[in-house]
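To start, the structure under review is shown below, and the notes come after it.
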Amino acid sequence: MDIRIGITNSPREINLSTDSKIDEVKKIIGDALSAKDPFFELSDDKGNIFLVPTEGVAYVELGNEESRRVGFVA
C-alpha cells in the first residue's frame, strides 16, 4: 500500500510503500492524533522507519492494497 503524508510548512511530502494493512495504518495514525502523541511511527516494505510529527500533519493519503501489475493483462 502506498502512503503519502503532507506536512504543514513543508513543500515536500512523505511517500512510502508498506506491507501493512490499511486498517493497521489508520489505527496507528488515528491513535497518535487523538492521544496527542508527539509523533507516530510507520515502517516501509524495505525496513525503513519513519517518525512523523503529529503536530505537523496536514493530510494523509492511503492508497489501495492491491499490488501493482506489470506487463500486459489478457
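Computed from the coordinates by the stated procedures, all read-outs in this text should not be read as laboratory data. Keep in mind it's a predicted model, so treat the numbers as computed, not measured. Neighbour counts run over all protein chains shown; Cβ positions are idealised from the backbone, glycine included.
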message: Could you compute the longest span of the chain free of trypsin sites (Lys or Arg not before Pro) located in DSSP loops and having at most 14 other Cβ atoms within 10 Å, not counting the site residues?
response: 47-67
query: Short version: ³J(HN,Hα) in whole Hz for each residue of segment 28-39, in order, from phi by Karplus 6.51 cos²θ - 1.76 cosθ + 1.60 (θ = phi - 60°), x for Gly and Pro, what are they?
result: 4, 5, x, 5, 5, 5, 6, 8, 6, 5, x, 7
statement: The summed charge of the I14 Cβ neighbourhood (under 15 Å; Lys/Arg +1, Asp/Glu -1) stands at -4
message: Under a Cβ-only charge scheme (Lys and Arg +1, Asp and Glu -1), can you give me the dipole magnitude of the chain about the Cα centre, in debye to the nearest 20?
response: 160
